[in-house]
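S.K.: Below are the structure tokens for one structure; questions will follow.
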Amino acid sequence: MANKENSMLGKRLANAYLSSVVSIALVLLLVGVASLLLVNARGISNYFKENMKVSVLMKQEVEDVQAAEYLRTVEAQPYVKSAVLVSREQGVSEMKELLGEDFLDVFETSPIPVSLDLTLRAEYVSADSLDVIRVNLEESPLVGEVVYQRALVDKLNSNLGKVSMVIGVFVLLLLFISFVLINNTVRLNIYSRRFTIHTMRLVGATKRFIRGPFLVQAVFQGLFAGLVASLLLLGIMFVIRTEFAQLFAIFSMELLLAVIGIVLACGVVICLISTFFVVNKLISLRKSELYY
């Protein structure tokens, strides 16, 4: 009979422990997703910035050979990520697609110059830097005009700054919510053993001695929950890679390890803090208060 009761008690404790781990893991998964967005915010910003083109229009008399030589000079500049030569014929072909086959009929000679399409490094995509780059490029006697969408650059930087701020606030709010939810889960789990804690207190056990096993259990609970959350996060990333390969390219996988570390650390730290305060509170309760 005693063995059966012990077996039932063991199953209940195991189920309670498993439920706690799963609940904490789901909360940590949200923390992981938010952290992944936060640590990759710079990568997302760089992705959009480096997809903006700067067009360098050469003078009408400049031929493809001269532009190709100038292209090598431009590629050596520290602010250029990539540069592509757009020949006069290619430019005419693109304009025909845009305006129709007969758009050149009103011109005696082709008004389309040779041009270079530049992709800049993300750190140089700002209004001040682009002004300096424009002046630098227009110093060449081959260059007629440097064209880029300044309003788009200003709006892009402004919006990306707002998005980063929103993500940061969202992560902080989520961490607070996570702490509250995990704290409640831990409190309910430990509260079921309040009579055991009271008995240990009655036989003379110190607060430190009583807290010890609970804190050790909290560490393992946080680690297990963090591992489960990390596996779920890896599963989500695998789905993204399979279904949305282009979106996956924005994220830096090197930072994924840092996110997993954040998830594990949050699980352990929050479980430890919650357990510490909950056990301290239960130790201080009088016998009559254990029933409420």
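The values are calculated or read from the model by the stated rules, or taken from the named source; none is laboratory data. What you see is a predicted model; the values in this text were computed from it and never measured. Backbone-built Cβ (ideal geometry, glycine too); neighbour counts: all protein chains shown. What goes into the accessible areas is simple: the full protein's heavy atoms, side chains included, and nothing from ligands, DNA or RNA. Shrake-Rupley method; radii C 1.70, N 1.55, O 1.52, S 1.80 Å.
S.K.: So which residues in the range 203-231 are surrounded by fewer than 17 Cβ atoms within 10 Å (Cβ to Cβ) and of a type in the set (A, V, I, L, M), if there are any at all?
M.R.: Matches in the range 203-231: 203, 205, 215, 216, 219, 223, 231.
S.K.: Of the conditions (1) crowded, with 17+ Cβ neighbours inside 10 Å; (2) aliphatic (A, V, I, L, M); (3) modelled with pLDDT under 75; (4) within 27 Å of residue 37 (Cα to Cα), residue 112 satisfies every one except a single condition; which number is it?
M.R.: Status for residue 112: all satisfied but (4).
S.K.: Hey, could you check the range 151-179 for residues that are charged (D, E, K, R) and modelled with pLDDT of 75 or more and say which is farthest from the chain's Cα centre (by Cα)? Can you show your working first?
M.R.: Start the filter on the range 151-179 by keeping residues that are charged (D, E, K, R), which leaves 154-155, 162.
Filter once more, keeping what is modelled with pLDDT of 75 or more: 155, 162.
Working: 155: 21, 162: 15 Å.
Selected residue: 155.
S.K.: Now for a different question. Return the pair list, or none, for Cβ contacts closer than 6 Å from residues in the range 132-147 that are under 16 Å from residue 117 (Cα atoms) to residues that are among the small types (Gly, Ala, Ser), at least 6 apart or on different chains.
M.R.: 147/55
S.K.: Residue 170: closer than 25 Å to residue 225 by Cβ, surrounded by 11 or more Cβ atoms within 10 Å (Cβ to Cβ) and hydrophobic (A, V, I, L, M, F, W, C), yes or no?
M.R.: yes
S.K.: One residue is enough: does the range 26-45 have a residue meeting the conditions in contact with a helix residue (DSSP H, G or I) (Cβ under 6 Å, 6 or more places away or on another chain), open to solvent by 30 Å² or more (accessible area, probe 1.4 Å), among the aliphatic types (A, V, I, L, M) and not in a helix (DSSP H, G or I)?
M.R.: No: zero hits.
S.K.: For residue 261, state whether it is modelled with pLDDT of 75 or more, in contact with a Cys (Cβ under 8 Å, 6 or more places away or on another chain) and closer than 30 Å to residue 45 by Cα.
M.R.: The answer is no for residue 261.
S.K.: Here's something else I'd like to know. Which residues, taken from the range 123-150, are over 13 Å from residue 70 (Cβ atoms) and either open to solvent by 80 Å² or more (accessible area, probe 1.4 Å) or touching a Pro at 6+ places or on another chain (Cβ under 9 Å) (or both)?
M.R.: Hits for the range 123-150 are 123, 124, 128, 132, 145, 149, 150.
S.K.: Give the residue that is nearest to residue 153 (Cα to Cα), with candidates limited to residues of the range 48-71 that are without any contact (Cβ under 8 Å) to a residue 60 or more places away in the chain and out of contact with any strand residue (DSSP E or B) (no Cβ under 9 Å at 6 or more places or on another chain).
M.R.: The selected residue is 69.
S.K.: Where the second residue is part of a helix (DSSP H, G or I) and the first is without any contact (Cβ under 8 Å) to a residue 24 or more places away in the chain and lies in the range 224-243, which pairs have Cβ atoms under 6 Å and are six or more apart or on separate chains?
M.R.: Going by the 6 Å Cβ cut-off, the qualifying pairs are 240/248; 241/248.
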